[in-house]
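Just below is one structure, and these are the notes that go with it.
Readers should treat all values here as calculations from the given coordinates under stated rules, not as data from a laboratory. A quick note: this is a predicted structure, and the numbers were derived from the prediction, not measured. Cβ placement follows ideal geometry from the backbone for every residue including glycine, while neighbour counts extend to all protein chains displayed.
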Amino acid sequence: MNKMNFDILSKKSLAVAFLAALPFFSFAQKANWQNLDLKTDSVFGISTEKAYKELLKGKKAKTVIVGILDSGVDYDHEDLKSVMWSNAKEVAGNGKDDDKNGYIDDIRGWNYLGSAKGSISHEALELTRILRRDEAKFGNVDQTAVAAADLPAFQAYQKMRAAYEEELAESKSGLINIQGFKAVIDAVVKKIGKEEPTAADFESFKPENEMEGRVKKMMVSQLQDNTFKEFYDGQIVKGLEYYSGKVNYNLNMEFDPRPELVGDNYADSRERNYGNNDILGPDASHGTHVAGIVGANRSNNLGVQGVADNVLIMGVRAVPDGDERDKDVANAIRYAVDNGAKVLNMSFGKAYSWDKKVVDEAVKYAMSKDVLIVQAAGNDNKNLEVEKSYPDRRYEGGGAAGAYIVVGASGSTDDATLKASFSNYGKTTVDVFAPGVKINSSIPGSKYAKFDGTSMASPVVAGLAALIRSYYPKLSAQKVKDIILASVVKVNHDVTVKVGEEEKSIPFADLCVTGGIVNTYNALKLAEQAK
């Protein structure tokens, strides 16, 4: 899942707890900062605009298809509709599989989370699904009654059960806390007497108790750069959606929309011909945002500017509000590869895997077809050297995918805060960092919003990979990866990382393989030398 992260703990007061969540939905930042240059613009972007101005002017390029494996893409968005991939071999709306690929009317891509009956919006976590699967065998069994051959599986079940109970308790507590905070802030706003109060309005407000005082202090700070509506929608509304979704769907053992809305044989991981052609789905906010970062039209004077200027966006829907399923991920990879995508962006991840082997096989297939995969590292501030996350480029049984880049998220300021507080990291498991804080991009309805996450950093790198493959089409996927890694701007100072409850200062070089931030200008200069 890894789409958003709130850190509201029951042991904290509501206002103090809520402050801990604020960085994940924030709004003030220089527009297009991810594409700007550290020296000339004073933000640690990747120098894309500098590259267009100095290196790419007048150069010819080929179009590259980028597969956005995500929650869905708004193909009619004003900043994306001109760059959306279309299946030329398929006749729209005739109800036939014209290109004989097993998918009817897949004009813009495919959705593995639905059928003729509709599409899945919410899903359970993989943790929930695995526990539900194993409940019959281990749910009411004492260890003394477990056969020796089943003991490892039983112990894994017990460990997952404990993790589940802890996460469910925290989610219920978080929901109660944010509901309580909402009640307080709604009451304060009612006393102020304005639907959308300003910082000055809160400054003038006279609190009647400690909680109202905390709300006042927080809102005065938050409304210096944000409107009340931006804050309320981004923090209160999103927070309620997040925690209610976790309690009602993600961690609900009784919730399983798959049989009714997909109707596939889920026991058959190699089944491929299921789904529908609705790549928008119930909520395409995440995928549309990712798509815009990669390739929003750079020449239409609308909205935002993507990293790459000669791409076609292929939407493949495989990520619900909850954990993606391995079967869908594997099929999404294969679909994108078979339909010509040369770069795949995967801005998703989870802590457990149902069938890693089927994903490994799909990744190996992509590698055999000279496709570069770019994946978000995840948003749990975990060290991936010690905590697993899936998908994982390391194959079961040994070996690893070569043309596969794992991306952490960085902020705009070249100081101790450069590592985004939420970003996962790992000296050998994460390759590079890229801008992932307050990134402005497209969302459904031809609108725009600023999101945080490694989900935003990954498409920055996917866009860079597509840009290189566009202007230097003879370079292999592996060579493009090598160029991106070799051309980073090295970070030679320490950054702050929270380990448990303690903040530590560690070298940025310990966060990833390269110890740096990707850079378009440097990468294109290397590509020119390697062509």
In nm, spacing of pseudo-spin labels at Ala200 and Arg133 (7 Å Cα→C-beta vector): 6.0 nm
Convex hull (Cα only) mean projected area of the stretch 126-250, reported in nm² to one decimal: 10.2 nm²
Least to most buried among His493, His289, His77, His122 (fewest other Cβ within 10 Å first): His493, His122, His77, His289
FRET E, pair Lys39, Glu260, Förster distance 60 Å, beta-carbon r, rounded to 0.05: 0.60
Gain upon complete extension [Glu396, Glu502; 0.36 nm per residue less C-alpha separation]: 34.8 nm
Space enclosed by the convex hull of the alpha-carbon atoms of the stretch 376-463, per residue, Å³: 110 Å³
Calculated diffusion of the stretch 420-470, Stokes-Einstein form, Kirkwood radius summed over Cα pairs, 37 °C and 0.692 mPa s, µm²/s: 269 µm²/s
DSSP loop GluC sites (Glu not before Pro) with at most 16 other Cβ within 10 Å excluded, longest remaining stretch of the chain: 1-194
Reachable lysines, given that their alpha-carbon falls under 16 Å from the alpha-carbon of Lys172 and they are not under 8 places away in the same chain: Lys11, Lys12, Lys182, Lys238, Lys246
Neighbour-count order for Met456, Met211, fewest beta carbons within 10 angstrom listed first: Met211, Met456
Lys531-Val386 FRET efficiency (beta carbon distance; Förster radius 41 Å; 0.05 resolution): 0.55
Label-point separation, Asp225 to Lys490 (7 Å along Cα→Cβ), nm: 3.1 nm
Gap separating the Cα centres of the stretch 198-218 and the stretch 294-371, nearest whole Å: 45 Å
Sum of -39500 (n - 2.57) over DSSP H runs of 4+, divided by residues of the chain (222 nm, nearest 500): -10500 deg cm²/dmol
Net lengthening on full extension, Asp186/Gln155 (0.36 nm per residue, minus Cα-Cα): 6.5 nm
Against the rule of thumb 2.2 N^0.38 Å, how large the Cα Rg of the chain comes out: 0.97
Loop-located trypsin sites (Lys or Arg not before Pro) in the stretch 198-294 whose Cβ has at most 11 other Cβ within 10 Å (DSSP): Arg270
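Sort Thr48, Thr428 so that the residue with the fewest other Cβ atoms within 10 Å of its own Cβ comes first and the one with the most comes last. Intermediate values should be presented prior to the final figure.
Working: Thr48 29, Thr428 10.
Ordered by Cβ neighbours within 10 Å, fewest first: Thr428, Thr48.
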Percent of Cα-Cα distances greater than 25 Å, calculated over the stretch 425-531: 30 percent
20 Å cut-off, amide nitrogen to a point 7 angstrom out along Lys62 Cα→Cβ, residues in the stretch 375-419: 403-404
Cα centroid separation, the stretch 464-531 to the stretch 382-438 (Å): 11 Å
Rounded FRET efficiency, nearest 0.05, which uses the C-beta distance separating Met253 from Ala116 and R0 of 35 Å: 0.80
Contour excess over end-to-end distance, with Cα ends at Thr413 and Leu302 and 0.36 nm allotted per residue: 37.3 nm
